[in-house]
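Structure first, commentary second.
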Amino acid sequence: VVYFDPGRRFAGGEYERAFKRLTGIDVPKAMIYYALTGTYPTETEMFEKDSFLLNGKTTIRLQINVRAGMVASDEGFDTILEMPEVEYVALYHAPGSEISATGNTHQRYAHIIVVADDSEKLKDAIYQVYDKIRVFDCNGDNMIVSLFDPELV
């Protein structure tokens with residue numbers, strides 16, 4: 001098994017947290033083991049036959065992008081952490097941040113890892129997340145743009 005890419009990098013976005021919970025495979029531990037020994041862990045319990053299928057679960061990493069402007073406030077990012085489907089929330093900016101129109105990852109306000117039992121539950125969870133989160137500018141307008149269409153799940 002070669003992890004993720006030829007450079008043996010982490011997938012990014014804290015996804016290894018969800019991966020460990022869903023499969024039991026601790027990717028950081030495996031990477032450290034490889035760095036120290038030059039071989040991958042070979043314990044049979046570490047690699048279940050269908051672990052790449054996430055043990056039947058389905059997941060998505062939602063990118064929360066914002067338009068340019070000054071962030072006055074945000075809401076809902078702490079609330080969604082209470083949802084059983086939300087695995088992790090990473091905030092890249094906070095109220096007071098000036099967001100420039102860079103067209104790159106600097107306009108990403110947050111990312112959210114969502115895990116559900118199936119596609120329908122994942123779709124429902126995405127709708128719930130989108131219903132709760134807001135990023136407001138100084139005029140009280142929501143700055144969030146380019147949301148993923150849950151119907152594509």
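Here are the numbers for the structure shown:
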| read-out | value |
| --- | --- |
| Selected residue [in contact with a strand residue (DSSP E or B) (Cβ under 7 Å, 6 or more places away or on another chain) and of a type outside the set (A, V, I, L, M, F, W, C)] from Ser73, Ser100 | Ser73 |
| Qualifying residue in region 33-55 (condition: outside any helix (DSSP H, G or I), loosely packed, with under 13 Cβ neighbours inside 10 Å and modelled with pLDDT of 75 or more) | yes |
| Complete set of residues in region 80-100 that are assigned to a loop (DSSP other than H, G, I, E, B) and open to solvent by 90 Å² or more (accessible area, probe 1.4 Å) | Leu81, Glu82, Pro84, Tyr92 |
| Out of Val86, Val129, sole residue that is within 19 Å of Arg21 (Cβ to Cβ) and without any contact (Cβ under 8 Å) to a residue 60 or more places away in the chain | Val86 |
| Of residues in region 101-135 being of a type in the set (Ser, Thr, Tyr) and at pLDDT below 95, the one most open to solvent (accessible area, probe 1.4 Å) | Thr105 |
| Flag if Val71 is under 16 Å from the mean Cα position of the chain (by Cα) and either in contact (Cβ under 8 Å) with a residue 12 or more places away in the chain or not in a strand (DSSP E or B) (or both) | no |
| Sole exception among (1) at pLDDT 90 or above; (2) in contact with a Lys or Arg (Cβ under 9 Å, 6 or more places away or on another chain) for Thr58, by number | (1) |
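The values are calculated or read from the model by the stated rules, or taken from the named source; none is laboratory data. Worth saying up front: this structure is predicted, and the values here are computed from it rather than measured. Virtual Cβ from ideal backbone geometry, glycine too; neighbours counted across all protein chains shown. Quick note on the areas: whole protein, heavy atoms, side chains included, nothing else; ligands and nucleic acids left out. Shrake-Rupley method; radii C 1.70, N 1.55, O 1.52, S 1.80 Å.
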